1. Can you work out the Karplus-derived ³J(HN,Hα) for every residue in the stretch 9-22? Use 6.51 cos²θ - 1.76 cosθ + 1.60 with θ = phi - 60°, whole Hz, and x for glycine or proline.
2. Among T111, T65, T15, which one shows the biggest mean-square fluctuation in a GNM of the chain, springs joining Cα atoms closer than 10 Å?
3. Enumerate the amide H contacts of R78 below 5 Å, restricted to partners 5 or more residues apart or on another chain; note that Pro and chain-start residues carry no placed amide H.
4. Considering the chain as a Gaussian network with a 10 Å cut-off on Cα pairs, which listed residue, I125, I154, I180, attains the greatest mean-square fluctuation?
5. Testing the spin-label approximation: label points 7 Å from Cα along Cα→Cβ at Q139 and A62. State their distance in nm.
6. Would you kindly state how much longer the chain becomes between M1 and R44 on full extension, computed as 0.36 nm times their sequence separation minus their alpha carbon distance, in nm to one decimal?
7. Identify the GluC sites (Glu not before Pro) of the stretch 108-175 meeting these criteria: DSSP loop state and at most 13 other C-beta atoms within 10 Å of the C-beta.
8. Could you work out which residue, out of A42, A107, A164, moves most in a Gaussian network model of the chain, that is, has the largest mean-square fluctuation with Cα springs under 10 Å?
Amino acid sequence: MLVTCTSAKGGVGKTTSSIHIAALLASSNPTLLIDGDPNHSALRWSKRGNLPFQVVDLMSAAKHTRNFEHIVFDTPARPNQEDLEALVDGCDLLIIPTTPDILSIDATLETVDLLETLKCDRYRILLTIVPAGRKTGEQTRDALAELPLFKQSIRQYAAYEKAALAGLLVYEVKDRNARIAWSDYQRLGKEILP
Ligand SMILES: Nc1ncnc2c1ncn2[C@@H]1O[C@H](COP(=O)(O)OP(=O)(O)OP(=O)(O)O)[C@@H](O)[C@H]1O
Ligand SMILES: [Mg+2]
């Protein structure tokens, strides 16, 4: 399966989601994460620690892809229309992480309009960095009710920052919410690969 994370707004959890979705897929089949962002956030994450799957730069990806069952593609924010067209063409599932704030929602709605003109129906919106214990997530869910939204949201936990810093997955860091945070991605995994 080829899964691509994209968003019209930066800092919405593309890299964090790519890393944890790759971890889910890697638990059953060989999985490669391709870092398509010139910032190399995913590559740097993997180099700081130890991830249970390989991360490669887009520039060297062609050689690696043949050995993997699943590929996750992390991309830079704000693809232009041509980029988005190419991303759609190159994946089985396009995931659009979206945070529950109006700027992020507006950006996602614009992307959705573009995807509709491209007649793409292989996309799903993932609510991420949702503040715990507030109504924000539910309100955003209502605002996006007509769109293909994953049932599972990814809640906001400081454990993710710790994971990025240590180069680990969220459940491996010392944090009282580490396991709870991971359970969000585990449930998401069942929607991606039922
Ligand atoms: N569920 C979460 N809870 C708390 N913090 C999070 C969560 N997901 C991501 N973050 C933090 O939010 C910031 C942005 O996340 P991330 O780098 O994954 O976003 P991005 O969309 O890849 O950003 P960019 O557009 O710059 O590539 C990071 O500091 C990350 O640690
Ligand atoms: Mg990123």
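Taken together, the values in this text are just the output of simple stated rules run on the coordinates, not laboratory data. Not measured: the values here are computed from a predicted model. Heads up, the Cβs are rebuilt from the backbone with ideal geometry, glycines too, and the neighbour counts pull from every protein chain shown.
1. Karplus-based 3J(HN,Hα) across the stretch 9-22 equals 10, x, x, 9, x, 4, 5, 4, 5, 4, 4, 7, 5, 4 Hz.
2. Comparing T111, T65, T15 in a Gaussian network model of the chain, the most mobile one is T65.
3. S7, A8, K9
4. I180
5. Rounded to a tenth, the inter-label distance reads 4.9 nm.
6. That works out to 13.1 nm of additional length.
7. E146
8. A107
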